[in-house]
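K.L.:
I'd like to ask some things about the structure below.
The values are calculated or read from the model by the stated rules, or taken from the named source; none is laboratory data. Predicted, not measured: the structure shown is a model, and the values here were computed from it. Cβ coordinates were reconstructed from backbone atoms using ideal geometry, including for glycine residues, and neighbour counts include every protein chain displayed. Surface areas here come from the heavy atoms of the whole protein model, side chains and all, with no ligands, DNA or RNA. Shrake-Rupley method; radii C 1.70, N 1.55, O 1.52, S 1.80 Å.
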Amino acid sequence: MCSAVLGATWSGLATLLTPALRLNLYCRMRRGKESAASLPQRRGIAACSRPSGRLIWLHAASVGETVAVLPVIGQILLLDPSRHVLITTGTLTAAEIAHTRLPALTGHERVSHQFAPLDVPRWTARFLDFWQPDVVVLVESELWPNLIAACRKRRIALALVNGRMSDRSLAGWRKARCLLRHMLSAFNWVMARSVEDASRLDHGGAGRIDLIADLKEAADPLPCDPMALTRINHAIGNRPVWIAASTHEGEETTILAAGDLIRQAIPDALTIIIPRHPPRGPEIAALNHTQTPRRARGQFPTGQDKVWICDTVGETGLFFALGAPVLLGNSLPGCEGGGHNPLEPARAGCCVASGPKIDNFRQAYAGLGTDVRYVTTEQDIAEWVLSCLHHETGPPSLHTHHDPILARDVAQAVLALGKKR
């Protein structure tokens, strides 16, 4: 009864807020966070035709989730040549990653991409009625009451892959614990990212967890274009370089100040900033108060440039291939926090540092142990970068590797759910 009341309340509230959500979508488009093409899709209106036959829908909200499930999609296509796949994303950057990397998969012509509908009953119903998936796979923490209720009503099999729930998220559901339990009990198959996440999901109502593993630890290495790398190496020459990767709003001021401190010791040191959201490139350039080259404009740094903003999509692996020290963003004081995957630069043999806000990747950081340096201020960052550039600090000794078996196991579990329908 409690879950029914809360579910109805959520549904009614989402319906009442529909006009405000429409307005918010337009505001997001003006800020570069949505596109003209994504707006109708966010309301459940398809932008392409549905292929005939059985279809699996995977929803990956952002870049990290998209990268994690691409190997699973690849295995689904290989294991069942008759199956079609729909992948939805929640951000423009994730969509660009999907469009860039999907063509490398065998059978990619059987994959469609759309932007995910917002959790409004009419919009999710429109989406499900059009696409009619046999299985819906939600990635990490994408728990949307109206969507899950609509799948349950239509008896669509549900899977939760790389399931993630932090202590803060679980506490946030405190007053709606019965709704959380009702949602989690709807999943036919659950994979948890870690033992800690499995415990929280179980406490929340998921029941049996069928697999505990992290797809991000087994993901493909980030791609790198050798010709582009040659051009970058030619442009940089022998200059000492350090990288601030996947930065978020509120961090770049500290990073730029750290760069100034580093140049007091090494005058020709170059700071490369890779914003998590590339449209922020002009905003970051404005913080530097000088003409700053941006890769999105096809610009390379000259010997006089202190900072290079690399605001393009899907090229992080290219810069990690430089072997420079990497500070991972979304982790410093001043941003919302949560961290980013440290295994990506570690695989490339880069020295790795992070701010203290790493809740989203605590297990991965724990695996790297003391090979990761934790920094808070510009002084901390400068000291660490200088120790790396002077070869006093080496790259992580732990190197993970791509594990296609895990992706295959997940794909087989998802395909099995579809056969039960």
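K.L.:
Lys and Arg at +1, Asp and Glu at -1: add these up for the other residues within a Cβ distance under 9 Å of E196 and post the number. Could the numbers behind the result be given before it?
P.N.:
Working: positive: R193, R200, R362; negative: D167, D197.
Surrounding charge for E196 is +1.
K.L.:
Note down the accessible area of R22, probe 1.4 Å, to the nearest 10 Å².
P.N.:
Counting only protein heavy atoms, R22 exposes about 90 Å² to solvent.
K.L.:
Follow-up. Helix 378-389 versus the longest principal axis of the chain: what angle, 0 to 90°, nearest 10, using Cα atoms?
P.N.:
70
K.L.:
Taking amide H positions as placed in the peptide plane 1.01 Å from N, state which residues far from V241 in sequence (5 or more) or on other chains have amide H under 5 Å from it.
P.N.:
Under 5 Å from the amide H of V241 lie the amide H atoms of L270, each far enough along the sequence or on another chain.
K.L.:
Rounded to a whole number of µm²/s, how large is the Stokes-Einstein D of segment 19-170 at 4 °C and 1.567 mPa s, given Rh as the Kirkwood radius over C-alpha pairs? Please report the intermediate quantities before stating the final value.
P.N.:
Working: Rh = 15.8 Å.
D, rounded to a whole number, is 82 µm²/s.
K.L.:
Per DSSP H run of at least 4 residues, take -39500 (n - 2.57); add these up for the chain, divide by its residues and hand me the 222 nm value, nearest 500 deg cm²/dmol.
P.N.:
Rounded to the nearest 500, it is -12500 deg cm²/dmol.
K.L.:
Might you tell me the accessible area per residue for the chain, computed with a 1.4 Å probe and given in Å²?
P.N.:
On the way: 18400 Å² over 421 residues.
Here the residues of the chain average 44 Å² of exposed surface.
K.L.:
In whole percent, how big is the carbon plus sulfur part of the accessible area of segment 141-279, probe 1.4 Å, protein atoms only? Can you show the working numbers first?
P.N.:
Details: 3180 of 6160 Å².
That share works out to 52 percent.
K.L.:
Got a sec to turn the phi values of segment 29-35 into Karplus ³J(HN,Hα) couplings, 6.51 cos²θ - 1.76 cosθ + 1.60 with θ = phi - 60°, whole Hz, x for Gly and Pro?
P.N.:
5, 5, 8, x, 9, 9, 10
K.L.:
Excluding residues fewer than 8 places away in the same chain, name every one of the lysines whose C-alpha is closer than 22 Å to that of K33.
P.N.:
Cα-Cα hits under 22 Å: none found.
K.L.:
On to the next question. On a straight-distance basis, which aspartates and glutamates could pair with K216 in a cross-link, Cα separation under 12 angstrom, same-chain partners fewer than 8 positions away excluded?
P.N.:
Correct list for K216: E65, E140, E344, D403.
K.L.:
So for segment 1-94, what are the equivalent ellipsoid semi-axes in whole Å, largest first, each being the square root of 5 times an eigenvalue of the Cα gyration tensor?
P.N.:
In descending order the semi-axes read 28, 20, 14 Å.
K.L.:
Determine which aspartates and glutamates satisfy two conditions relative to K153: a Cα distance under 16 Å, and not lying fewer than 8 residues away in the same chain.
P.N.:
Reachable aspartates and glutamates: D119, D129, D134.
K.L.:
Given a 1.4 Å probe and every protein chain left where it sits, what share in percent of the accessible area of segment 40-131 is carbon and sulfur? Present the calculation step by step, with values, prior to reporting the outcome.
P.N.:
Working: 1730 of 3070 Å².
Answer for segment 40-131 is 56 percent, counting heavy atoms of protein chains only.
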